[in-house]
Amino acid sequence: MDDRNMESSCSTCNEIDGEHFKSIIHIDLDCFYAQVEMVRNPELRDVPLGIQQKNIVVTSNYEARNYGVSKCMLVTDALKVCPNLKLVNGEDLHSYRTASGKVFLVLQGWRCPVEKLGMDENFIDVTSLVEEKLKNANLNDLIVMGQLYSEPSAECPCGCHNRLKIASQIANEMRKKIYDELGYTTCAGIAHNKLLAKLICPLHKPNNQTTIFPQHGANYMSTLTSVRSIPSIGSKTMEALISQKIISVSDLQEAPLEILKKHFSSDMAVRLKSLSLGEDNTPVKQSGKPQSIGLEDSFKTVSVKSEVEDKFSALLQRLLVLVREDGRIPVSVRVTLRKKDAKRLSSHRESRQSQISPSIFTLSSGVLTVTEAGQQKLMAIIMRLFTKLVDLSKPFHLTLVGLAFTKFQERMTGRSSIVNYLMNDISVQSVLNLQNDGDASITSMDYSAASPSSSTTTDLSDAEIEPSPKKPKKVNWIAKKRCLAKEEVASPSKLKVGELRLNSKELEKVSELRLNSRDRSLTPRASPAKDNFSDASDSMKDLEDGACNDCPSYVDKEVFSALPDDMQQELKSMWKNPTSSEKTRSSPRKNKSKPNSIMKYFVPQK
Ligand code: DGT
Ligand code: MG
């Protein structure tokens, strides 16, 4: 029943509890890969176009969709329904990533938080901008730009309708700018939370936008035929729900909380219930640095070690290109496998990661490279991780291998703080595990990457074959899974390659030296995951002692010698005229009251 006039109560609606206070836009590019190809080659514009990866059409333009070509169709089937389908190979994702970065940049022009989700989606929190515009708006003239999911029978007292009308205008401007500057059409969803903005976005595809008012949230959710449409619900949670005969979102809405609490934690049961009603208070997190850089390859089955090695070797070659583009030095690598498991409906993934020595990478004229020997070292680490995951004394069958660099040593450009020269690890998350339901728990509406905290993860999502987290596609999830699992689909990585940060040679030298030095020091920053093993042997690299005869004994001379002259002088004069606190300090690491003191970076090697 599509009863759009059935509105939920607006009694909780006020600005104090912020219930409807936010204005969120979700933007999704239309037939993304196909559009990139069409913009690149205008001859493809007016013909039915399919983007091929191995023997699958991963997407097609809307012209081809009119013939019945659908996402993830076998090429042979697509050609049957559309014999004049023009096929373009889409296995090289470089241009798609570039396009994705450009869209992100355009959206940043509004100076609102932008959260990138996969390659072709972005959330924008325009709450503050809407507030600004509201001050000068003539409320009588306000209209919703694009489509409105349902006309409200009454105004919401909190004023969210006006705010969302303004947000719809901003969304329209954003879409227009993306089109004018880059030539891409998009869809947008406008709502008071991320969940509804994302889910309403595809309602009027392509090249359109839809606004939904808060009181229609529960109603719209009830139209979704699978609980899997909800971004936080992965396959494991879905399986648990199905076992309780909860299949559609409306089933979930109607399920008694007590029943849910029997199968999930109390928090999760409440969360599931709220989501089913269209409630979500997760913030738009400004995207910045890529969290990890990874690639995967899926196939029917591989059961021989040498073949696995070949797969990893090929992945490594491609991954190194991406890392070079990114410009940061990886310090951790993760291997992921999917083992064939006939008993399980969903795929089962396991990962192991290991620290890697930054000395494997060399910086030359600002370019990150890896020597042949470095590549061999990496392969040795990868295969060692592989043997941790697979008992080679028994037969094994893999359907996917993945490789990702999961931690990076970042070099900062700023000269304002010496700390930048010495320490700036970023924490990373997996971008390969998009659904955080390995433990069947939902703690937050994390639309982006789940962060496996241990080195072994189980991912039951099928999202690994998608570059962006699942959308409320009206497809049967089991059918889709079969389609993708049976065929050899090139897995586009969920790469989020960030801006290059290539700095001066001076910085590179400092960075390299520091990295090498730090591997041997006891500084705790780059602590590996609990059950990782480290590859300390790879980290050893002889470095010449710096000229630091005046240095205190606890100073790492290698680090010191690599500093720019002015900083060396600064430090020397500090040591000559130490402050009282420094005079009394026996070891820099003991001084917990000054966590960012420069002195703590000069740690003697043990
Ligand atoms: P749309 O949003 O329905 O107009 O069409 P697309 O093509 O933008 O589809 P979307 O947004 O789900 O995915 C963005 C791109 O990601 C799409 O152009 C191709 C790629 N992609 C989507 N689904 C799959 C998949 O199952 N396998 C692979 N390899 N790539 C996929
Ligand atoms: Mg799209």
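The values are calculated or read from the model by the stated rules, or taken from the named source; none is laboratory data. In this text the structure is predicted, and so the values were computed from the model without any measurement. Reconstructed Cβ throughout: ideal geometry from the backbone, glycine too, with neighbour counts over all protein chains shown. Side chains are part of the model used for accessible areas, which takes the heavy atoms of the whole protein and leaves out ligands, DNA and RNA. Shrake-Rupley method; radii C 1.70, N 1.55, O 1.52, S 1.80 Å.
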**Complete:** Here Rg/Rh (Cα, Kirkwood) for region 111-232 equals 0.95
**Request:** Convert 25 °C to kelvin, take the viscosity as 0.890 mPa s, use the Kirkwood radius over C-alpha pairs of region 292-409 as Rh, and evaluate the Stokes-Einstein diffusion coefficient in µm²/s, rounded to a whole number.
**Result:** 167
**Item:** Sum of side-chain charges, Asp125 neighbourhood, beta-carbon under 15 Å (Lys, Arg +1; Asp, Glu -1)
**Value:** +3
**Asked** Using 7 Å Cα-to-Cβ label points, what is the Ile143/Tyr179 separation (nm, one decimal)?
**Response** 1.6
**Message:** Could you compute the net charge surrounding Ile242? Neighbours are other residues with a C-beta less than 13 Å from the C-beta of Ile242; K and R count +1, D and E count -1.
**Reply:** +1
**Message:** As a quick test, which of the pairs Lys198/Lys236; Lys236/Lys300; Lys86/Lys205; Lys22/Lys177; Lys80/Lys340 have an alpha carbon distance above 29 angstrom in this structure?
**Reply:** Lys80/Lys340
**Request:** Under 13 Å from the Cβ of Gln253, count the other residues' Cβ atoms, weight Lys and Arg +1, Asp and Glu -1, and hand me the total.
**Result:** -2
**Message:** Below 8 Å, C-alpha to C-alpha, sequence gap of six or more: please give me the relative contact order for region 292-409 in percent.
**Reply:** 47
**Message:** I'd like to compare 40-48, 213-221: which one has the highest average count of other Cβ atoms within 10 Å, and what's the full order after that?
**Reply:** 213-221, 40-48
**Asked** At a probe size of 1.4 Å, how large is the accessible area of Val81, to the nearest 10 Å²?
**Response** 60
**Asked** When the Debye formula is applied to the Cα atoms of region 227-276, each taken as the same point scatterer, what base-10 log of I(q)/I(0) results at q = 0.13, 0.21, 0.29 Å⁻¹?
**Response** -0.22, -0.60, -1.30
**Request:** Please express the shape of region 3-221 as an equivalent ellipsoid: the semi-axes are the square roots of 5 times the eigenvalues of the C-alpha gyration tensor, given largest first in whole angstrom.
**Result:** 36, 19, 14
**Message:** Could you tell me the relative contact order of region 227-276? Use alpha-carbon pairs under 8 Å, at least six residues apart, and round to a whole percent.
**Reply:** 34
**Asked** Could the peptides 58-70, 257-269 be put in order, highest first, of the mean number of other beta-carbon atoms found within 10 Å of their residues?
**Response** 58-70, 257-269
**Item:** Table column - 3J(HN,Hα) (Hz), region 180-186, Karplus curve with 6.51, -1.76, 1.60, x for Gly and Pro
**Value:** 5, 8, 10, x, 9, 8, 9
**Request:** Take Thr185, Thr210 and sort them by solvent-accessible surface of the protein heavy atoms, 1.4 Å probe, largest at the top.
**Result:** Thr185, Thr210
